[in-house]
Amino acid sequence: MNNNKMMLLLFVSVCVIWGTTWLAMEVAVTSIPPIFATALRFFIASPILIILSKVFKQPLMFPKGKQKWMFIIAVFYFAIPFTLMIAGEKYISSGLASVIFANMPIAVMIMSMLFLGLRLAFHQYVGILMAVFSLFIILSNELGISGDNLLLGAGALILAVVIHSVMYVFVQKHCKDIKVITYNALPCYIASMLLFVTAFFTEQIHFASFTLPSVLAVAYLGVVASVGGIVAYFKLGQVSTPFTASICFLIFPLIALLLSDVVTHQVMSQQSMLMLIPLLAGILLTKLPFSKLAEKFGLTRAKA
């Protein structure tokens, strides 16, 4: 398979996996408590990731001097944000949840500016303002329809995005050299153990009440979303540009919205759907490599 076909296959795989993840989380929490469901998800994923670490010859342990980051990542990258995501879907639709999470590149850019001193171009500031304003209009509009439940769900998703983006920035600063499967394998397992303990003390778990769709949804999250999504996105980053990979954030919310409409018959209002245009355009604007495009078309000024 040539590089272009491989890139297209990986791109489609990532978009489909990320797009279907949100519906799976919504189905999972219909009968399984959110903390326990997240624990099961990572408990399923971790042994597969450990096996893959052997297959791809990537170490399980973090490098010497960085072992503490295994626990930091387990708590603040996996356990807390993913629990907030799935808990939020008890109150809002999977489609709206995906739209909120699609703003992750915006959140990462803002956090990089705050913590890493990243300097943004003018078009990136414009893109951030477009995306944030559009999301505000969408949430304000949906809040008028769904009431306080949306506020709880959206708040959980927004907090998850903030925590994820902060962790992404600190990982880029302190753990950039760590291999992708190493980064995921043991932290997934540690997160699952911490969440099992937390669920035991905070949730009422009745195994007899677990429905087959919820169990299958958790299995899908563990195998396909947590493992397949990681491997596919990692490989996509290897065979494409960062800009191409970032386009996934524009596609997967549309897939999630379509599934939410078809499967659960939950759809955002017409005004909110229209506001997706400037929201996704804003995200795209922040990722456009204008400098490279200018060089390609000979638009840069010649140096004296």
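The condition of being more than 15 Å from Ala160 (Cβ to Cβ) and either out of contact with any strand residue (DSSP E or B) (no Cβ under 6 Å at 6 or more places or on another chain) or open to solvent by 20 Å² or more (accessible area, probe 1.4 Å) (or both) holds for only one of Gly88, Gly127, that being Gly127.
Here Asp177 passes the criteria (1) open to solvent by 70 Å² or more (accessible area, probe 1.4 Å); (2) in a helix (DSSP H, G or I); (3) of a type outside the set (Val, Ile, Thr) except the one numbered (2). Filtered by the rule that a residue be in a helix (DSSP H, G or I) and open to solvent by less than 30 Å² (accessible area, probe 1.4 Å), the range 229-248 gives Gly229, Ala232, Leu236, Ala245, Ser246, Cys248. Residues of the range 1-33 that are without any contact (Cβ under 8 Å) to a residue 60 or more places away in the chain and assigned to a helix (DSSP H, G or I): Asn4, Lys5, Leu8, Leu9, Val12. Which count do you get for residues in the range 260-276 that are open to solvent by 50 Å² or more (accessible area, probe 1.4 Å) and touching a residue at least 40 places away in the same chain (Cβ under 8 Å)? Within the range 260-276, residues that are open to solvent by 50 Å² or more (accessible area, probe 1.4 Å) and touching a residue at least 40 places away in the same chain (Cβ under 8 Å) number 5. Would you confirm whether any residue within the range 13-35 is buried (at least 20 other Cβ atoms within 10 Å of the Cβ) and closer than 19 Å to Leu186 by Cα? Yes; the residues of the range 13-35 include at least one that is buried (at least 20 other Cβ atoms within 10 Å of the Cβ) and closer than 19 Å to Leu186 by Cα. Among the residues making up the range 121-143, those that are free of Cβ contacts under 8 Å to residues at least 24 places away in the same chain and either polar (S, T, N, Q) or within 27 Å of Gln172 (Cβ to Cβ) (or both) are Phe122, Tyr125, Ser140. For the range 197-226, the tally of residues that are open to solvent by 50 Å² or more (accessible area, probe 1.4 Å) and more than 21 Å from the chain's Cα centre (by Cα) stands at 14.
The values are calculated or read from the model by the stated rules, or taken from the named source; none is laboratory data. These figures come from a predicted structure and were not determined experimentally. Cβ atoms come from the backbone with ideal geometry, glycine included; neighbour counts cover every protein chain shown. All accessible areas refer to the heavy atoms of the entire protein, side chains included, with ligands and DNA or RNA removed. Shrake-Rupley method; radii C 1.70, N 1.55, O 1.52, S 1.80 Å.
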